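The values are calculated or read from the model by the stated rules, or taken from the named source; none is laboratory data. Since this is a predicted model, take the numbers as computed values, not measurements. Don't worry about glycine lacking a Cβ; one is built from the backbone with ideal geometry, like all the others, and counts go over all protein chains shown.
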Amino acid sequence: MSRRHVSDVVITLVERDLKVRYRHSALGVAWSQLGPLAVLVMVSFVFTRVVPLHVPHYPLFVVVGLLAWTWFATAVDTATRSIVDGRELVLRPGVAPIALPTAAVLTQLMHFLLALPVLLVVECMVLGHLPLTLVALPAVVLAQIAVTLPLAWLLAAWHVRWRDVGHGVTLMLMPLFYATPVFYPPSRVPGHWRLVFELNPLAPLITGYRDVMLYGRWPTWSSMLVLLLVGATASLACRRLVARRAHLFAEEI
C-alpha cells in the first residue's frame, strides 16, 4: 500500500473516532475544553488551599504536564489494542494494519490540540500575556509524535501475537506516570534517582512544554533533536517490523 493510501486511511479513522466520540453530544468538542478547565479548578483549590506546594502558577504547571501525559498514555494504551480491536478493518483488503495505531496516536493529538485554547486563555488571564516562545510549541509536539509513534507501532504488533502486552502496558503506565514530572518539578528529583529520570523521554518533553508555554523559555534544542533522531530511527525499525508481520495478523487476530 502506498504512503498516500495509508495517510488517507489514517485521516478517515481519525475523523471517524472524533465523530463517534462527540456524536449525540450537545456540547460536542467543547468537552475537550471543559476537561482541562475542571482540572485547573480542582488543582487550584487542592494545591493552593489544602496542600500548598509553593510552585509558581502551580495549576497551570500541572495542567501543561497533564495534557502532554494524557496524550501519550491514552495514545499508547489505545494503539496497543488497535489492531486486535480493529480486526474487521485489518481483514479488509487494502487496509494497512499500521494505519490503526497511527490513527490512535493522532486522534489523541487532536484531543490535545482541542484542549490547548482553554489553557492558553487561562494562562493569558493569569500571566497577563502569552510568551513569544509559543512559536516553538510545534517542535515539542513533533518530538512527542516521534517518541510515541514507533512505540505505538511496536506494541500494537506485539499485542497481536501476545495478548499479555496490552495488560502489561496498562500496568506499566502507572509507575511511568509517577516517574514523569507531571505533578512535581524536575528539581525535586533526588540525586540518586536522577539517572532514571533522565532516561525517561517524557521528562524533557514535559519540561519543553512548560518552557515554551509557561516560562517563556526556548526548549532545550539538543534534547528535542535527540528525541527526533531517536524517534525517526525507531520509526524505521518498527515500521519494518509491522510490515514483516502484517501477513500474519489475519490469522493471529
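Structural remarks
To keep it simple, each residue is scored yes or no on (1) at pLDDT 90 or above; (2) of a type in the set (A, V, I, L, M); (3) over 25 Å from Met224 (Cα atoms).
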{"site": "Ile83", "(1), (2), (3)": "yes, yes, yes"}
{"site": "Val90", "(1), (2), (3)": "no, yes, yes"}
{"site": "Gly94", "(1), (2), (3)": "no, no, yes"}
{"site": "Thr102", "(1), (2), (3)": "yes, no, no"}
{"site": "Leu106", "(1), (2), (3)": "yes, yes, no"}
{"site": "Ala115", "(1), (2), (3)": "no, yes, no"}
{"site": "Val122", "(1), (2), (3)": "no, yes, yes"}
{"site": "Leu134", "(1), (2), (3)": "yes, yes, no"}
{"site": "Leu149", "(1), (2), (3)": "yes, yes, no"}
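- Any hit, the stretch 206-220, residues being in a helix (DSSP H, G or I), in contact with a Lys or Arg (Cβ under 7 Å, 6 or more places away or on another chain) and of a type in the set (A, V, I, L, M): no
- Among the residues of the stretch 169-181, those that are assigned to a helix (DSSP H, G or I) and surrounded by fewer than 20 Cβ atoms within 10 Å (Cβ to Cβ) comprise Thr170, Leu171, Met172, Leu173, Met174, Pro175, Leu176, Phe177, Tyr178.
- Filtered by the rule that a residue be among the aliphatic types (A, V, I, L, M) and either free of Cβ contacts under 8 Å to residues at least 60 places away in the same chain or surrounded by fewer than 24 Cβ atoms within 10 Å (Cβ to Cβ) (or both), the stretch 150-159 gives Leu151, Leu154, Leu155.
- Pairs are defined by a Cβ separation below 8 Å, a sequence spacing of at least 6 or placement on different chains, a first member in the stretch 182-198 that is surrounded by 10 or more Cβ atoms within 10 Å (Cβ to Cβ), and a second member that is aliphatic (A, V, I, L, M) and in a helix (DSSP H, G or I); the pairs so defined are Val182/Val62; Val182/Leu66; Val182/Ile206; Phe183/Val62; Pro186/Ala203; Phe197/Ala203.
- The set of residues in the stretch 123-141 being within 20 Å of the chain's Cα centre (by Cα) and either surrounded by 14 or more Cβ atoms within 10 Å (Cβ to Cβ) or closer than 20 Å to Val63 by Cβ (or both) consists of Leu134, Ala136, Leu137, Pro138, Ala139, Val140, Val141.
- Selection of the stretch 85-121 for residues being within 22 Å of Leu151 (Cβ to Cβ) and of a type outside the set (A, V, I, L, M, F, W, C) yields Asp85, Gly86, Arg87, Pro97, Pro101, Thr102, Thr107, Gln108, His111.
- Test: residue in the stretch 124-139 that is outside any helix (DSSP H, G or I) and closer than 26 Å to Leu195 by Cβ: no
- Selection status of Ala146, small (Gly, Ala, Ser), crowded, with 18+ Cβ neighbours inside 10 Å, over 12 Å from the mean Cα position of the chain (by Cα) and part of a helix (DSSP H, G or I): no
- Residue check for Leu60: crowded, with 19+ Cβ neighbours inside 10 Å, at pLDDT below 90 and in contact with a helix residue (DSSP H, G or I) (Cβ under 7 Å, 6 or more places away or on another chain): yes
- The single residue among Val140, Val135, Val121 that is β-branched (Val, Ile, Thr) and in contact with a helix residue (DSSP H, G or I) (Cβ under 7 Å, 6 or more places away or on another chain) turns out to be Val140.
- Scanning the stretch 160-181 for residues that are free of Cβ contacts under 8 Å to residues at least 12 places away in the same chain and of a type in the set (Phe, Trp, Tyr) yields a total of 2.
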